[in-house]
Structures are given as C-alpha cells and as structure tokens.
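Asks: Dropping the structure in here first, questions after.
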Amino acid sequence: MQQNNFYEIIKKNTNKDNFFFIQIGSNDGKSGDPLHKYIIKYGWQGILVEPVHYLYKKLLKTYSNQNNLIFKNVAIGDNEGYKEFYRIEENDEPNNPGWYDRLGSFNKDVVLKHKKYIPNFDKHFIKEKIKCITFDNLIKENNVKKIDLLHIDTEGYDFEIIKLIDFNKIKPSMILYEHKHLSENDKTDCMEYLKNKGYSLIIQGVDTFTFSNEVKLPFVRPLFRILRSFVKRTMLDPAILRFEKVKSFRFCR
C-alpha cells in the first residue's frame with residue numbers, strides 16, 4: 001500500500017485514546033514494515049507476533065525504547081502446538097535480495113517459487129517446527145478488548161488467519177493484509193468473506209486494506225459517493241467498484 005494513502009487514513013484515526021494494534025508477521029520491525037514509523041510517532045499500544053527467533057531478537061531491539069508493546073515469539077495457527085514452517089536461514093550471501101529474510105511461510109510452495117532469486121537456495125532452505133497459538137488465545141492471554149488495526153503479513157497464510165477471528169467477539173476496526181501470495185480463488189474468497197463481515201476494501205499493490213463503518217477515511221468516502229452515483233446512472237454492479245486512476249487504488253464495497 002502506498003504510504004501516502006495509508007498515512008492519511010491512519011492520521012485520521014490514530015488520535016483516539018488508547019489506539020491498539022496487532023501485527024502478525026512483524027519480522028524485524030523495520031524491513032518493509034508499513035506500521036513502524038506510526039508505532040514510534042504515535043506511541044501505539046499493541047502486540048507484535050514474530051515466530052522466527054533471530055528476527056524476533058531484532059524486533060525486540062527495534063522497539064527497545066517502547067514500553068507499551070507486547071512481543072510474542074510464536075506463530076498464529078488453527079491449533080496450539082507446533083507446526084512445520086519453511087524459510088531461508090539467516091546467511092551472508094553477497095547477492096541476497098533485501099527481502100530474503102521475510103520469506104517464511106507455512107506454505108512451502110510460497111517459498112519455493114522464489115528459488116531463482118535466492119543464491120544457493122537449496123543450501124539455505126530449511127524446514128523447522130515453530131510454536132503456534134490460536135488467535136483466540138492471543139486475545140484472551142493479553143486481555144485484548146478492542147483492535148483498532150490488525151496487520152497480517154504471513155506470506156500466503158493471511159486468509160487462514162482472518163478466518164480464525166471470531167468477529168462476534170472482537171471486530172478489528174481496520175485490517176491490512178498482504179494478498180500477494182494468495183491464490184486467485186483465495187484472493188476473491190477473502191474479499192467476499194470480509195465484505196460479508198461488514199467491511200469495505202481498498203486494494204492497492206500487494207496489500208488489501210479493509211475498514212468498518214466507524215473508520216474515518218478522508219479521501220475514499222467522497223470518491224465512493226461519486227462512484228456510487230456513476231453506478232446508479234450506468235446500472236453497473238455496485239458490489240465491487242474499481243477505480244484505477246486516483247493514486248492507483250481500487251475501492252471495493
């Protein structure tokens with residue numbers, strides 16, 4: 001998601017008291033992280049979840065001066081216990097892409113499809129058992145009463161995590177997830193699933209940003225009114241509106 005768009009949305013909603021976020025797949029807290037500067041700037045309270053131990057240690061260092069954050073060295077899964085996880089081990093190959101350490105997933109194929117980009121892939125590709133907790137237990141153990149923003153970046157497992165949320169118990173005001181590694185069917189199903197839960201969606205780049213009616217969106221709602229009027233005049237299907245020319249986003253509702 002383009003930072004300018006995300007910033008405007010966050011700026012409009014982050015001034016409320018006790019803004020609370022959960023980030024699943026935090027990595028080191030910096031690399032490719034759309035939340036990092038807002039966590040620092042606004043002093044958000046929240047939970048950061050990262051299963052890979054060496055990245056978890058970097059995450060702790062990144063936010064060492066923040067005392068309002070909770071860190072979990074686990075993954076979110078459908079059951080408590082351990083689950084096989086695929087990734088590239090930490091290494092110092094000179095031609096590594098900058099994102100190589102973000103390539104970890106429960107879905108082996110997601111990692112394998114990047115083989116041609118990773119030097120000595122077979123040497124550094126590993127499978128390990130990592131500890132998992134359920135989303136429900138994450139909420140219970142930390143006495144979470146509300147979630148203003150849920151960020152999910154789990155290399156193809158994002159929809160599975162979304163399906164683990166009991167929206168009747170707790171409904172995040174905003175959800176930002178990466179759809180890049182989802183299958184085409186899962187991309188569509190995830191959008192429909194969230195729309196059925198009462199969310200509107202902005203699709204931009206590799207991410208999808210969803211929001212409930214309580215979220216203030218400075219530029220999207222006026223645009224939606226214009227598009228809705230256009231839909232009525234042209235009798236287009238209003239279920240999904242796509243608008244490509246304004247800051248390259250698509251608004252779906």
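Asks: Based on this model, can you work out whether Leu112 counts as within 20 Å of His179 (Cα to Cα) and surrounded by fewer than 19 Cβ atoms within 10 Å (Cβ to Cβ)?
Replies: Details: within 20 Å of His179 (Cα to Cα): yes; surrounded by fewer than 19 Cβ atoms within 10 Å (Cβ to Cβ): yes.
It is true that Leu112 is within 20 Å of His179 (Cα to Cα) and surrounded by fewer than 19 Cβ atoms within 10 Å (Cβ to Cβ).
Asks: Cβ-Cβ below 7 Å, separation at least six or inter-chain, first residue in the stretch 115-127 and under 21 Å from Lys83 (Cα atoms), second modelled with pLDDT of 95 or more and exposed (fewer than 13 other Cβ atoms within 10 Å of the Cβ): which pairs?
Replies: Lys127/Glu84
Asks: Oh, and also: Do you know which residues across the stretch 182-218 are farther than 28 Å from Val111 by Cα and either assigned to a helix (DSSP H, G or I) or free of Cβ contacts under 8 Å to residues at least 12 places away in the same chain (or both)? Even if it seems obvious, please write down each step before you answer.
Replies: Restricting attention to the stretch 182-218, the residues satisfying the condition of being farther than 28 Å from Val111 by Cα are 195-200, 211-218.
Matches in the stretch 182-218: Lys195, Asn196.
Asks: In the stretch 131-181, which residues are part of a strand (DSSP E or B) and surrounded by fewer than 19 Cβ atoms within 10 Å (Cβ to Cβ)?
Replies: Passing the criteria: Lys131, Ile133.
Asks: Being crowded, with 19+ Cβ neighbours inside 10 Å and part of a loop (DSSP other than H, G, I, E, B) narrows it down to one of Pro51, Pro97, so name that one. Outline the logic, then answer.
Replies: Numbers: Pro97 fails: crowded, with 19+ Cβ neighbours inside 10 Å.
Checking each option against the conditions leaves just Pro51.
Asks: Oh, and also: Does the stretch 31-46 hold any residues that are in a loop (DSSP other than H, G, I, E, B), more than 16 Å from Ile147 (Cα to Cα) and touching a residue at least 24 places away in the same chain (Cβ under 8 Å), and which are they?
Replies: Scanning the stretch 31-46 gives Ser31, Gly32, Pro34.
Asks: Here's something else I'd like to know. Which one of these is aromatic (Phe, Trp, Tyr) and more than 21 Å from the chain's Cα centre (by Cα): Tyr86, Tyr100, Tyr82? Before you say what the answer is, go through the steps one by one.
Replies: Numbers: Tyr86 fails: more than 21 Å from the chain's Cα centre (by Cα); Tyr100 fails: more than 21 Å from the chain's Cα centre (by Cα).
Every option except Tyr82 fails the conditions.
Asks: Within the stretch 61-77, which residues are in a helix (DSSP H, G or I) and either crowded, with 17+ Cβ neighbours inside 10 Å or of a type in the set (Asp, Glu) (or both)?
Replies: Just the residues of the stretch 61-77 that are in a helix (DSSP H, G or I), to begin with: 61-62.
If the condition is that a residue be in a helix (DSSP H, G or I) and either crowded, with 17+ Cβ neighbours inside 10 Å or of a type in the set (Asp, Glu) (or both), then Thr62 is the only one that fits.
Asks: Run down Asp33, Asp17 and say which single residue is of a type in the set (D, E, K, R), surrounded by 20 or more Cβ atoms within 10 Å (Cβ to Cβ) and modelled with pLDDT under 95.
Replies: Values: Asp17 fails: surrounded by 20 or more Cβ atoms within 10 Å (Cβ to Cβ).
One residue alone meets the criteria, Asp33.
The values are calculated or read from the model by the stated rules, or taken from the named source; none is laboratory data. These figures come from a predicted structure and were not determined experimentally. Glycine also receives a Cβ, built like all others from the backbone with ideal geometry; neighbour counts cover every protein chain displayed.
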